[in-house]
Amino acid sequence: MIVQGLGTVGFIGVGAIATAMTDGLLAGDDGPSRVVLSPRGARNAAQLSARHRHVSVAASNQEVAAGADILVLSVLPGQLHDAVAGLRLHDGQVLVSVLAGVSLHEIREALDTDLPIVRTIPLPPVAQRGAVTVMTEAPGVVTQMFDLLGGCLPVPDEAQLSVFSAMTGSFTGLLQYVATLSRWAGTQGVPVADAERFIRGAVAGLAPGLRDSQTSMDQLIRAHETPGGLNEQLRREFFDDRTTAALQSALDNLLHVVTR
């Protein structure tokens with residue numbers, strides 16, 4: 001049985017995040033009564049509709065807006081104005097934005113509305129209800145929705161939200177670190193596929209410790225290295241003052257982009 005508390009969730013834009021959110025919301029019997037998808041992202045929308053009996057694809061963005069209790073804006077930032085042009089909203093509706101770098105003021109002006117608007121940063125693991133979502137001040141129904149998807153991390157203002165948004169730009173860099181280890185092994189005569197199989201499994205094995213919020217990152221680091229050992233040596237040599245400053249500078253640049 002589907003719990004009715006969330007009502008109908010509508011998505012304008014059906015990209016990777018909207019797809020992940022839909023899969024996560026409908027992963028149990030406690031999700032919304034219905035999910036309505038816009039015709040944008042037709043392939044993803046069709047696949048979601050085939051996968052979930054509570055999903056339907058609307059003929060227009062206006063049809064999505066008309067039927068949604070929670071309306072999620074999930075188009076690319078540059079598509080916002082075209083996507084919401086002439087959109088008619090209704091009383092009691094709550095708007096949720098997943099658009100990076102687009103302020104509440106910009107969204108409110110584009111929609112010409114006084115309805116509640118929440119900025120959020122959902123991550124792909126919400127599909128498995130496995131990621132905390134950072135969000136600005138939100139009505140209870142939005143908190144309820146993201147609690148289903150892995151939990152909420154409220155922030156007091158958009159400035160702090162932007163810091164978290166900048167941090168999301170680090171994810172492929174983390175993967176590049178793993179890829180570089182494998183490629184280095186290849187230069188030493190080890191088959192890259194074997195090295196990659198080994199290091200991917202080893203890194204994935206760190207997940208339980210990362211999920212344990214009671215253990216600090218410093219404690220986690222100490223738990224995985226021996227004083228004077230190989231892990232400590234590489235960490236200290238690689239993350240010297242110059243490398244750390246370069247990473248922080250790159251993050252400063254990302255923060256500038258998302259607060260433009």
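Do you know which residues across the range 171-183 are of a type in the set (S, T, N, Q) and loosely packed, with under 14 Cβ neighbours inside 10 Å?
Thr172, Gln176, Thr180
Yes/no per residue for (1) aliphatic (A, V, I, L, M); (2) open to solvent by less than 10 Å² (accessible area, probe 1.4 Å):
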{"site": "Ala59", "(1), (2)": "yes, no"}
{"site": "Ala65", "(1), (2)": "yes, yes"}
{"site": "Gln79", "(1), (2)": "no, no"}
{"site": "Ala85", "(1), (2)": "yes, no"}
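Return the residue satisfying two criteria in turn: it lies in the range 86-112 and is aliphatic (A, V, I, L, M) and part of a helix (DSSP H, G or I), and of such residues it is nearest to Val132 (Cα to Cα).
Only one residue tops the list, namely Leu104.
Provide a single number: the residues in the range 101-135 that are among the hydroxyl-bearing types (Ser, Thr, Tyr) and either surrounded by 19 or more Cβ atoms within 10 Å (Cβ to Cβ) or on the phi > 0 side of the Ramachandran plot (or both).
2
For the range 106-137, which positions are touching a residue at least 40 places away in the same chain (Cβ under 8 Å) and among the small types (Gly, Ala, Ser)?
Passing the criteria: only Ala127.
The values are calculated or read from the model by the stated rules, or taken from the named source; none is laboratory data. Computed from a predicted model, the values in this text were never measured in an experiment. We place every Cβ from the backbone using ideal geometry, glycine too, and count neighbours over all the protein chains shown. Note: areas computed on protein heavy atoms with side chains; ligands, DNA, RNA excluded. Shrake-Rupley method; radii C 1.70, N 1.55, O 1.52, S 1.80 Å.
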